[in-house]
Amino acid sequence: MLFLLVIGAIGGYIFFRVMTREERQAALVPVLSMLVEVKGAAERRRAAPDPFRDALRLRVPWPLVAPALVFLNVIIFFLIAFGPGALGNPDTLVSWGASIAPRTTNGEWWRVVTASFVHAGLLQLLVNVAALTQIGLLAERLTGRLTVLTVYFASAMFATLVSLAASPLALTFGSSGGIFGLYGLLLASLMWTIVRRSPVQMPLKSAKLLVPPAAFFLLYNLMSDSLPNAAEGVAFVTGAAAGVVLTPDIAERTPPLRRVVGATAVALAAIVVWALPLRGTANVGPEIERVIAVEQSTAGTYDAAVAKFRKGWVSAPALAQLIEQTIAPELQKARARIEALQHVPHEQQTLVATTDEFLKLRSESWRLRAAALRKANMRALREADKQEQASLEAFNRIKASGFDELTAAARPPVENK
């Protein structure tokens, strides 16, 4: 039912965007008729006896966790959509809690949790909410509120950590990790009901209803880039492992509190152990920007001094002194910061190497220029010019590398003062 509603909502949005007003009015008549039929069929199905459904409702009459998770996902999406910043923009997503390694692993670990409530588009939200509603309600009634809560968040956090390790500069967002965990939990729990028959053993008719939405959810997430496939696989395995451990007696009861608390403690310990090696992922963007700023500033300072030299206001030794006492120390500081970077994401290692090469060549060109100015040696000045040209070629490679796109979302926010 939820699967059909999602497909209908997407199709209705597309068709109504291209229809004229008269065509929309004509289309509403069969649509309303179909809705009446669907409502009647749903009412008849609810009235018909269903031992599996009745056993689940007797076990957990009022699911609270799954509806709360759905509500949070929906309300946060609309806050993002109608808030400042463009929906889907990386900076906007990060400001609302999406995860990216240079931010998350440098003190903003809360993003491991909040990333699962951030969505970049309406289609992603609809697919995830439909799956979460169906699988969440079923899993909560079968395994209990606390079990679903534990598995959802543990799976989501493991998925985010896997994404951080696999693609440090990729944004991680969306609830698919937690939902894959719930699918794993439900599958393992239902396997236990087959081993020990009970009223909560899912009949084949009900199992078939899960297949189309699950297949659609799986296909969509395989095509989406919000989480790597490995992260989704780990989330599913996390849920399945939890189901194996927590629900061996699911035929008689939901997992006892002591068992769920113990599993939660183990999961949190595993998450911490997994996160420790990821600490301190280098935030390369600000350092590269600093190098570019230093080059522009020092070159501007030297050009201004040269203009004064040509007017006879500054001597050649004074130019050399400017290089040695002002320009060279700035470049040395910038290079020391670049060389001190650790845990550089693999996507940026070439960029960092190019930046270090530029600073080395540029420092050497300034050294040669200062020496030539002191000796008034034109041949040495031409050699300094060649070294400068080589350094500027490396500098242009830095600016052409697209580091803005690689690091924009990873930069810390600018505080208004």
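The values are calculated or read from the model by the stated rules, or taken from the named source; none is laboratory data. None of the values given here were measured: they were computed from a predicted structure. Here Cβ is always computed from backbone atoms with ideal geometry, including for glycine, and neighbour counts include all displayed protein chains.
Could you list all residues from region 267-277 that are farther than 20 Å from residue 168 by Cα and exposed (fewer than 13 other Cβ atoms within 10 Å of the Cβ)?
269
Please go through region 240-289 and give me each residue that is over 30 Å from residue 166 (Cβ atoms) and not polar (S, T, N, Q), ordered by number.
Once the filter is applied, which keeps residues that are over 30 Å from residue 166 (Cβ atoms) and not polar (S, T, N, Q), region 240-289 yields 248, 249, 250, 251, 252, 253, 255, 256, 257, 258, 259, 261.
Consider residue 106 against the criteria (1) touching a residue at least 24 places away in the same chain (Cβ under 8 Å); (2) polar (S, T, N, Q); (3) in a helix (DSSP H, G or I): it satisfies all of them except one. Which criterion is unmet?
Among (1) touching a residue at least 24 places away in the same chain (Cβ under 8 Å); (2) polar (S, T, N, Q); (3) in a helix (DSSP H, G or I), the lone unmet condition for residue 106 is (3).
One line per residue, one yes/no per condition, for (1) of a type outside the set (Ser, Thr, Tyr); (2) in contact (Cβ under 8 Å) with a residue 24 or more places away in the chain; (3) closer than 30 Å to residue 57 by Cα; (4) surrounded by 19 or more Cβ atoms within 10 Å (Cβ to Cβ):
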| residue | (1), (2), (3), (4) |
| --- | --- |
| 91 | yes, yes, no, no |
| 94 | yes, yes, no, yes |
| 101 | yes, yes, no, yes |
| 112 | yes, yes, no, yes |
| 116 | no, yes, yes, yes |
| 124 | yes, yes, yes, yes |
| 130 | yes, yes, yes, yes |
| 133 | no, yes, yes, yes |
| 137 | yes, yes, yes, yes |
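Within region 111-145, take every residue that is closer than 30 Å to residue 279 by Cβ, part of a helix (DSSP H, G or I) and not basic (Lys, Arg) and give me the one that is farthest from the chain's Cα centre (by Cα).
Top of the filtered list is 128.
Out of the residues in region 235-266 that are free of Cβ contacts under 8 Å to residues at least 60 places away in the same chain and surrounded by 18 or more Cβ atoms within 10 Å (Cβ to Cβ), state the one that is farthest from residue 57 (Cα to Cα).
Among those residues, the one meeting the criterion is 241.
Quick one: would you say residue 317 is loosely packed, with under 15 Cβ neighbours inside 10 Å and touching a residue at least 40 places away in the same chain (Cβ under 8 Å)?
Considered against the rule, which asks whether it is loosely packed, with under 15 Cβ neighbours inside 10 Å and touching a residue at least 40 places away in the same chain (Cβ under 8 Å), residue 317 comes out as yes.
Kindly indicate which of 61, 67 is under 30 Å from residue 252 (Cα atoms), loosely packed, with under 11 Cβ neighbours inside 10 Å and modelled with pLDDT of 55 or more.
Values: 67 fails: loosely packed, with under 11 Cβ neighbours inside 10 Å.
On inspection, the qualifying residue turns out to be 61.
Among the numbered conditions (1) in contact (Cβ under 8 Å) with a residue 24 or more places away in the chain; (2) under 26 Å from the mean Cα position of the chain (by Cα); (3) closer than 21 Å to residue 155 by Cβ, tell me where residue 218 comes up short.
Just one mismatch for residue 218, condition (1).
For residue 141, indicate whether it is surrounded by fewer than 20 Cβ atoms within 10 Å (Cβ to Cβ) and out of contact with any Asp or Glu (no Cβ under 7 Å at 6 or more places or on another chain).
When the stated conditions are applied, residue 141 does not pass them.
When you look at residue 280, is it touching a His at 6+ places or on another chain (Cβ under 8 Å) and loosely packed, with under 15 Cβ neighbours inside 10 Å, yes or no?
yes
Kindly establish whether residue 200 is under 15 Å from residue 66 (Cα atoms), buried (at least 16 other Cβ atoms within 10 Å of the Cβ) and in contact (Cβ under 8 Å) with a residue 24 or more places away in the chain.
Taking the combined requirement at face value, the residue does not satisfy it.
Would you confirm whether or not region 166-187 contains a residue that is part of a helix (DSSP H, G or I) and at pLDDT below 90?
For region 166-187, residues part of a helix (DSSP H, G or I) and at pLDDT below 90: present.
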